[in-house]
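The values are calculated or read from the model by the stated rules, or taken from the named source; none is laboratory data. Small disclaimer: the values here were computed from a predicted structure and weren't measured. Every residue, glycine as well, gets a Cβ built from its backbone with ideal geometry; the counts of neighbours run over all protein chains shown.
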Amino acid sequence: MNIEKSTIEKLRITEVDGLDPIDVFIDITSTTSGKVTINCYGKSWTAFWPSVGEKGIKSFFKRSDNEYLIGYLDSSITRETVNWDAYSATLIERAKSLPSYVLENSDIEVDDVISAIEELDHEIVDIEYSQYHDEFTPDHFISDSLKESGLDKKVIDELIADKINITFKDHHDYVYLSKIVDAVKLAI
């Protein structure tokens, strides 16, 4: 049996605006490698770097950019997500200006269309985007979801007839972890 010892440094970071206390465990496995574990509000992130240079894990962590560090700490977080508010606002504006012939011979009113749009589960759009990035288009999702809500195909086709430019915003999980990483960088 082989037993190796390493030095572990624990930091507790408090009084960071908008964050609960943060516990940081820095495992200096060698002079050129190390592991960082961060705990905050019941969530944990861990990453190991086998080659951090001669200045060690703390220096490496401080000089690395947040996007790189977050990619190692939690590879499931994407930096961007679809700006659902802007997308649904565009759909609602289109609903308000639907030509009267589209709603003819149906029991659907413009308010019904707007309600169906407002009830769409935008978190599914986030999941779809995180899986398909470059090929992502919410039109298929929108079409299927609006059909399930009882809207007529003619109405749906009119809503998504012209491509809606998709805008993006920073994902809230990314922003949260980035704020934590900034605090850790200041503390070490």
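Quick look at the numbers
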quantity: Unique match (being touching a strand residue (DSSP E or B) at 6+ places or on another chain (Cβ under 9 Å) and of a type in the set (Lys, Arg)) among ARG79, ARG94, ARG63; calculated: ARG79
quantity: Qualifying residue in the range 7-20 (condition: at positive phi, in contact with a Phe, Trp or Tyr (Cβ under 8 Å, 6 or more places away or on another chain) and surrounded by fewer than 18 Cβ atoms within 10 Å (Cβ to Cβ)); calculated: no
quantity: Residue match in the range 148-165 (condition: in a helix (DSSP H, G or I), at pLDDT 75 or above and closer than 28 Å to ARG79 by Cβ); calculated: no
quantity: Residues satisfying the stated conditions in the range 21-44, i.e. in a loop (DSSP other than H, G, I, E, B) and surrounded by 13 or more Cβ atoms within 10 Å (Cβ to Cβ); calculated: THR32
quantity: ALA47, sole failed condition from (1) in contact with a Leu (Cβ under 7 Å, 6 or more places away or on another chain); (2) over 15 Å from ASP27 (Cα atoms); (3) outside the structural domain of LYS153 (by TED's automatic domain parsing); calculated: (2)
quantity: Filter result (closer than 30 Å to THR37 by Cα and out of contact with any His (no Cβ under 6 Å at 6 or more places or on another chain)) within the range 81-116; calculated: VAL82
quantity: Candidate set: the range 97-130, residues that are under 14 Å from LYS153 (Cβ atoms) and modelled with pLDDT of 80 or more; chosen: the one farthest from the chain's Cα centre (by Cα); calculated: LEU98
quantity: Yes/no for ALA161 being in contact with a strand residue (DSSP E or B) (Cβ under 7 Å, 6 or more places away or on another chain) and of a type in the set (Gly, Ala, Ser); calculated: no
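Matching residues to (1) without any contact (Cβ under 8 Å) to a residue 40 or more places away in the chain; (2) within 19 Å of TYR176 (Cα to Cα); (3) in contact with a Gly (Cβ under 8 Å, 6 or more places away or on another chain); (4) of a type outside the set (A, V, I, L, M):
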site	(1), (2), (3), (4)
LYS5	yes, no, no, yes
LEU19	no, yes, no, no
THR29	yes, no, no, yes
THR46	yes, yes, no, yes
PRO50	yes, no, no, yes
GLU54	yes, no, no, yes
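To keep it simple, each residue is scored yes or no on (1) within 15 Å of the chain's Cα centre (by Cα); (2) modelled with pLDDT under 95; (3) not in a loop (DSSP other than H, G, I, E, B).
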site	(1), (2), (3)
THR46	no, no, yes
LYS58	no, no, yes
SER76	yes, yes, no
THR90	no, yes, yes
